[in-house]
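Asks: I have a structure here, written as structure tokens, and I will follow up with some questions on it.
The values are calculated or read from the model by the stated rules, or taken from the named source; none is laboratory data. Note that the coordinates shown come from a computational prediction; the quantities given were computed from them, not determined experimentally. Reconstructed Cβ throughout: ideal geometry from the backbone, glycine too, with neighbour counts over all protein chains shown. Protein only, heavy atoms only, side chains kept; ligands, DNA and RNA dropped before computing areas. Shrake-Rupley method; radii C 1.70, N 1.55, O 1.52, S 1.80 Å.
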Amino acid sequence: MKPSTFRGRRLRRTPALRGLVRETRLHPEMLVAPLFVRPGTRIREEIGSMPGQDRLSVDELSRQAEPLLEAGVRSVLLFGLPEDKDDEGSGAWADDGIVQTAIRELRRAGGKELAIIADVCLCEYTDHGHCGVLRGASVDNDATLSLLARTAASLADAGADVVAPSAMMDGQVAAIREALPDTAILAYAAKHASAFYGPFREAADSAPAFGDRRSYQMDPANGREALAEILADVEQGADVIMVKPALPALDLVAAARAHTNLPVAAYQVSGEYAAICAAAERGWLDRRAAALESLTAMSRAGAGILVTYFALEAARWLREMDR
Ligand code: PBG
């Protein structure tokens, strides 16, 4: 048999050649920085399980716009920690709710150039920590839909550019679409019941008080079902499709890219972030190289939007590499 003439190493010889044939490049504009807003003023409260991330009071949050824009990051995703919680999560749609207030302040304080994405879910606002209202011990899908639509409407009214339903209730995109014909919806379309959300639940104080989320979030074992979820959200009027978590679900990022014509986002979740941070702290991984390799893999799989707690850092690394 004739030896193959393929020799991959010819084009790997120099940095210039590698740059010439590189298929995937990250850009700060692709990055979305998740931010946690809490009550109070002048507070930056460190999140233990997410080194480098803080719960910010409204004033500190709006101060954060400057370094982000300076580094080239133009999008944020907001999560709120309300003063009080109740059984239906009414803090989520309060006109003076924590995220509504943060959005207005962020807009006022120079965040005009930012794309503001607001998470739409009830788990941070319910005293039981589930993503919808309860009927007995289970989450009532249809009773939750109107509350999610109401939450999305109040976030849009406060000035959110994009609303991002993450509750995994069936029909949530349609319910929001009907209430908000002109607001973009970033749908957490395929969201697994993942072990990688652990640090977030500490950050957002949103761990369920009993049970788990497996009756509404997807079984990580299922890929075809994930595609069905993605197509359902397209059908219901989503503008952007998100897959979450990211590295454990790159096949679904690729499937979303192949089967829809919408922008696709990947969410590198809290546990993916924390794992890299922890290994880097021990000297077991190079933080920068591991973070950028992971983000590049998400992009290679087909995501044009990367939601990541590394956003600010990564944007700065990319700028440095440009020089
Ligand atoms: C709210 C929500 C969660 C995350 C994003 N939106 C938590 C959950 O579903 O339990 C997780 C994000 C992360 O881990 O970074 N439902």
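Asks: Would you please name the residue that is surrounded by the most Cβ atoms within 10 Å (Cβ to Cβ), looking only at residues in region 177-207 that are away from the ligand (no atom under 12 Å from the Cβ) and in contact (Cβ under 8 Å) with a residue 60 or more places away in the chain?
Replies: Among those residues, the one meeting the criterion is A189.
Asks: Among what's in region 115-130 and is aliphatic (A, V, I, L, M) and open to solvent by less than 10 Å² (accessible area, probe 1.4 Å), pick the residue that is farthest from the ligand (Cβ to nearest atom).
Replies: Ranking the candidates gives I116 first.
Asks: Still on this structure, I have one more. Taking L26, is it more than 30 Å from A179 (Cα to Cα), of a type outside the set (D, E, K, R) and open to solvent by 30 Å² or more (accessible area, probe 1.4 Å)?
Replies: yes
Asks: Shifting gears a bit: Report, by residue number, each residue of region 115-157 that is among the charged types (D, E, K, R) and closer than 20 Å to A189 by Cα.
Replies: So the first thing to find is which residues in region 115-157 are among the charged types (D, E, K, R), and the list is 119, 124, 127, 135, 140, 142, 150, 157.
D119, E124, D140, D142, R150, listed by residue number.
Asks: Another one. For the structure I just gave you, tell me whether L247 is open to solvent by 20 Å² or more (accessible area, probe 1.4 Å), more than 9 Å from the ligand (Cβ to nearest atom) and aliphatic (A, V, I, L, M).
Replies: yes
Asks: Can you go through V99, V76 and tell me which one is assigned to a strand (DSSP E or B), buried (at least 23 other Cβ atoms within 10 Å of the Cβ) and within 16 Å of the ligand (Cβ to nearest atom)?
Replies: Being assigned to a strand (DSSP E or B), buried (at least 23 other Cβ atoms within 10 Å of the Cβ) and within 16 Å of the ligand (Cβ to nearest atom) holds for just one of V99, V76, which is V76.
Asks: Restricting attention to region 52-81, which residues are within 18 Å of the chain's Cα centre (by Cα), under 25 Å from G304 (Cβ atoms) and aliphatic (A, V, I, L, M)?
Replies: Answer for region 52-81, where residues must be within 18 Å of the chain's Cα centre (by Cα), under 25 Å from G304 (Cβ atoms) and aliphatic (A, V, I, L, M): A65, L68, V73, V76, L77, L78.
Asks: Here is a check on your reading of the model: is S49 hydroxyl-bearing (S, T, Y), open to solvent by 10 Å² or more (accessible area, probe 1.4 Å) and over 21 Å from S270 (Cα atoms)?
Replies: no
Asks: If you don't mind, another one. Listed residues R316, R300, R282; which is away from the ligand (no atom under 16 Å from the Cβ), without any contact (Cβ under 8 Å) to a residue 12 or more places away in the chain and of a type in the set (K, R)?
Replies: Being away from the ligand (no atom under 16 Å from the Cβ), without any contact (Cβ under 8 Å) to a residue 12 or more places away in the chain and of a type in the set (K, R) holds for just one of R316, R300, R282, which is R282.
Asks: Another question, then. Mind listing just one residue for me: the one in region 283-295 that is over 28 Å from V240 (Cβ atoms) and either among the small types (G, A, S) or not in a helix (DSSP H, G or I) (or both) and, of those, most open to solvent (accessible area, probe 1.4 Å)?
Replies: Across region 283-295, the extreme among qualifying residues is W284.
Asks: Quick check on my filter: what residues within region 258-269 are crowded, with 24+ Cβ neighbours inside 10 Å and either more than 8 Å from the ligand (Cβ to nearest atom) or under 18 Å from D286 (Cα atoms) (or both)? Even if it seems obvious, please write down each step before you answer.
Replies: Keep residues of region 258-269 that are crowded, with 24+ Cβ neighbours inside 10 Å, which gives 264-269.
Answer for region 258-269, where residues must be crowded, with 24+ Cβ neighbours inside 10 Å and either more than 8 Å from the ligand (Cβ to nearest atom) or under 18 Å from D286 (Cα atoms) (or both): V264, A265, A266, Q268.
Asks: I'd like to know if region 267-282 contains one or more residues that are within 20 Å of the chain's Cα centre (by Cα), closer than 23 Å to V240 by Cβ and among the hydrophobic types (A, V, I, L, M, F, W, C).
Replies: There is at least one residue in region 267-282 that is within 20 Å of the chain's Cα centre (by Cα), closer than 23 Å to V240 by Cβ and among the hydrophobic types (A, V, I, L, M, F, W, C).
Asks: How about region 141-182: which of its residues are assigned to a loop (DSSP other than H, G, I, E, B) and either touching a Lys or Arg at 6+ places or on another chain (Cβ under 7 Å) or over 21 Å from N261 (Cα atoms) (or both)? Steps first, please.
Replies: If we filter region 141-182 for residues that are assigned to a loop (DSSP other than H, G, I, E, B), which is where we start, we get 159-161, 166-171, 180-182.
Residues satisfying the conditions are G159, A160, S166, A167, M168, M169, D170, L180.
Asks: Now for a different question. Can you find, within region 208-230, the residue that is farthest from the ligand (Cβ to nearest atom) among those that are buried (at least 16 other Cβ atoms within 10 Å of the Cβ) and hydrophobic (A, V, I, L, M, F, W, C)?
Replies: If we take residues in region 208-230 being buried (at least 16 other Cβ atoms within 10 Å of the Cβ) and hydrophobic (A, V, I, L, M, F, W, C), then L227 is farthest from the ligand (Cβ to nearest atom).
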